[in-house]
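Report on the structure given below.
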Amino acid sequence: MKTCLVIGGGGFLGRHIVEKLLEKGYGVHVFDIRRTFEDKQVEFFVGDLCKKEDLLPAMKDVDTVFHCATPSPLSNNKQLFHAVNYHGTKTILEAAQEAGVQRLVLTSSASVVYEGKDIVNGKEDLPYASKPMDYYTETKILQEKLVLDADSEDFFTVAIRPHGIFGPRDPHMLPTTARMAKAGKTKFIIGDGKNTVDFTYVENVVHGHILAAEHLEKDSVVRGKAYNITNDDPIYF
Ligand code: NAD
């Protein structure tokens, strides 16, 4: 079976992608700035994705790269987001092409089209936000453009855009909600209380990524495109 590299594979989504790839019989490399788990079936590379010399050993004999690394979206560090999400992604693309990788699947974000107004049943043809809501989103847009533009005759790319992700080991949504609840901050209703927001179960997000990778072939329609991902039914809170 082919070997995949999961950049950010030590994180919430990345580790779920790793587990599903192993279950499907793929060889798996993980690249992350911190080692978060041990698994004999996985070759773990600790490094900074901004450094090509760190990335290249992890990409040796790799067919497909999943790029799901990011600094925490809660940070407000403009410089860090630009360094990692934009310049780092450029470095990943250069390293991947140098190493002879054939495919790259980027985890983007639904926020790339969010302009501060409600979106209901939004499709992929919505324009990028002209005023991104924060530095994270600003650099997710730049990153997605870079990746989709890099699609070529011998290097295939696609982007998957989840909104919120939930599921086992979620370090973000549920702990934040619990913290808010403990602090008594869930007593306020914004709007009429009927607002909906999109959260997708992590295994569905993983499924979307692997499906996209497995269809990333020369004549595939998915090449160079971004796809929204969600559950079948909305979840009401
Ligand atoms: P996470 O924080 O759990 O994982 C990100 C991983 O990236 C971490 O393990 C971190 O160590 C690693 N990383 C950060 N900087 C790095 C660097 N310089 N070099 C190497 N590794 C580095 O985040 P997550 O929730 O798993 O998010 C994964 C992807 O999904 C991200 O691209 C994020 O933008 C996207 N996304 C997440 C959500 C969500 O609700 N969690 C929603 C939409 C999009």
Note to self: Here is a check on your reading of the model: is residue 195 farther than 28 Å from residue 87 by Cα and open to solvent by less than 90 Å² (accessible area, probe 1.4 Å)?
What the structure shows: no
Next item on the list: May I ask you to say which residue of 15, 35 is open to solvent by 40 Å² or more (accessible area, probe 1.4 Å), within 17 Å of residue 69 (Cα to Cα) and in contact with a strand residue (DSSP E or B) (Cβ under 7 Å, 6 or more places away or on another chain)?
Entry: 35
Note to self: Looking at 86, 128 in this structure, which one is in a loop (DSSP other than H, G, I, E, B), more than 10 Å from the ligand (Cβ to nearest atom) and aromatic (Phe, Trp, Tyr)?
What the structure shows: 128
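To keep it simple, each residue is scored yes or no on (1) within 14 Å of the chain's Cα centre (by Cα); (2) surrounded by fewer than 16 Cβ atoms within 10 Å (Cβ to Cβ); (3) modelled with pLDDT of 95 or more.
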site: 51; (1), (2), (3): no, yes, yes
site: 57; (1), (2), (3): no, yes, yes
site: 60; (1), (2), (3): no, yes, yes
site: 64; (1), (2), (3): no, no, yes
site: 68; (1), (2), (3): yes, no, yes
site: 73; (1), (2), (3): yes, yes, no
site: 91; (1), (2), (3): no, no, yes
site: 94; (1), (2), (3): no, yes, yes
Notebook entry, point to check: Scanning segment 21-32 for residues that are in a loop (DSSP other than H, G, I, E, B) and either out of contact with any Lys or Arg (no Cβ under 8 Å at 6 or more places or on another chain) or small (Gly, Ala, Ser) (or both), which turns out least open to solvent (accessible area, probe 1.4 Å)?
Noted result: 25
Margin query: Return the residues of segment 170-192 that are free of Cβ contacts under 8 Å to residues at least 40 places away in the same chain and surrounded by 10 or more Cβ atoms within 10 Å (Cβ to Cβ); say none if nothing qualifies.
Written below: 173, 174, 175, 176, 177, 178, 179, 180, 181, 185, 186
Item checked: residue 18 within 17 Å of the chain's Cα centre (by Cα), within 12 Å of the ligand (Cβ to nearest atom), outside any loop (DSSP other than H, G, I, E, B) and without any contact (Cβ under 8 Å) to a residue 60 or more places away in the chain -> yes
Next item on the list: Give 9, 47 a once-over and let me know the one that is within 21 Å of residue 208 (Cβ to Cβ) and either open to solvent by less than 20 Å² (accessible area, probe 1.4 Å) or more than 12 Å from the ligand (Cβ to nearest atom) (or both).
Entry: 9
Next item on the list: Please go through segment 193-213 and pick out each residue that is in contact (Cβ under 8 Å) with a residue 40 or more places away in the chain and within 25 Å of residue 75 (Cβ to Cβ).
Entry: 197, 198, 202, 205, 206, 209
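The values are calculated or read from the model by the stated rules, or taken from the named source; none is laboratory data. Every value quoted in this text rests on a predicted model; they were computed, and no experiment measured them. Neighbour counts are summed over all protein chains in view; Cβ atoms, including those assigned to glycine, are modelled from backbone coordinates with ideal geometry. Please note that ligands, DNA and RNA were not included when accessible areas were found on the heavy atoms of the full protein model with its side chains. Shrake-Rupley method; radii C 1.70, N 1.55, O 1.52, S 1.80 Å.
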